[in-house]
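Where a number appears in this text, it was derived from the coordinates with a stated rule and is not lab data. If you're wondering where the values come from, they're calculated on a predicted model, not measured in any experiment. Cβ placement follows ideal geometry from the backbone for every residue including glycine, while neighbour counts extend to all protein chains displayed.
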Amino acid sequence: MGALVTNVLAYMLTRLGPYDFETLDDGQRRMVVNQMWMPDVMYAYIYLRIEALGPEVKFPVECDKCGHKWKFAADLSRTDVTIAENPEALVRSHELRDGIVPPPGAGDEVAHTVLLQPPAWQAMSALKQDGNMGDVKLFLMSSAMRKIGEGRIPAIPGVLEGLTKFDLEHLQRVIDDLTPGPELVLEVDCPSCDHENKRSLDWSWDFFFTASSL
């Protein structure tokens, strides 16, 4: 999905921020998208869908409590979007309890401090089709790390595989809190029993940009 979103934006857009896509080749356009922060890419993707098919999106829902099935209509133009007041607010230092063990050749001092920023879209675009949620977490975490310790440890997924469960989950929470952007989880009340269901927005091309979502 990450690579698909990159290709859609690179092909469909004529301008993105300061970049005139009509003067760039396909590789340059994809590079621009991949280097953007993840929330900005998702915002652009949702905005493109509104421009192409309108703000309303309908998707099938089955209630977790009573099993009632219906089609829920959401207005994308009313999507909650968290913004940052300034770029400095998007960078934060975080202390790890157990730390990151350096790989061979990077010294022997365990790093307990990481400097974080929102993950880049490159992390999503680089994921393989058969990747699992564990792969997603490690790719996003490594992309969100601007610096590990004194900077001698590379921010790559393999280095993070040794994180303890405590550090892994706390790091995930801090990155989530630090990352602004559109809210992609919808709260849907069942018309039959009023139970509140939470559903992630389906942003696959086959649904999001086709008649299936109308």
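Could you work out the Kirkwood radius for the stretch 122-214, taking every pair of different alpha carbons, averaging 1/r and inverting it, reported in Å? Write down the numbers at each step before the final one.
Working: mean 1/r = 0.0619 Å⁻¹.
About 16.1 Å, per the Kirkwood formula over Cα pairs.
Under unit Cβ charges (Lys, Arg +1; Asp, Glu -1), what dipole magnitude, rounded to 20 debye, does the chain have relative to its Cα centre?
Numbers: 20 positive and 32 negative charges, 53 e Å.
Rounded to the nearest 20 debye, it is 260 debye.
So what J values fall out for the stretch 189-201 if you push phi through Karplus, 6.51 cos²θ - 1.76 cosθ + 1.60 with θ = phi - 60°, rounded to Hz, Gly and Pro as x?
Per residue, the Karplus-derived 3J(HN,Hα) values read 7, 5, x, 8, 10, 6, 5, 8, 9, 10, 10, 7, 5 Hz.
Among the lysines in the stretch 68-190, how many pairs, 8 or more places apart or on different chains, have alpha carbons under 29 Å apart?
Working: 128/137; 128/147; 128/165; 137/147; 137/165; 147/165.
Within the stretch 68-190, the lysine pair count is 6.
Could you tell me whether the chain comes out rounded, prolate or oblate from its Cα gyration tensor? Rule is a ≥ b ≥ c as square roots of the eigenvalues, rounded for a/c under 1.5, then prolate if a/b exceeds b/c, otherwise oblate.
Details: a/c = 2.21, a/b = 1.41, b/c = 1.56.
Because a/c hits 1.5 or more and a/b fails to exceed b/c, the chain counts as oblate.
Sequence-distant or interchain residues sharing an amide H contact under 5 Å with residue 72, placed H: which?
For residue 72, the qualifying residues are 59, 61.
Per the helix-only calculation at 222 nm, which mean residue ellipticity applies to the chain, given -39500 (n - 2.57) for every DSSP H run of n ≥ 4 and division by its residues, nearest 500 deg cm²/dmol?
About -10000 deg cm²/dmol.
Specify the residue with the greatest mean-square fluctuation among 114, 33, 61, computed from a Gaussian network of the chain linking alpha-carbon atoms under 10 Å apart.
Among 114, 33, 61, the largest GNM mean-square fluctuation belongs to 61.
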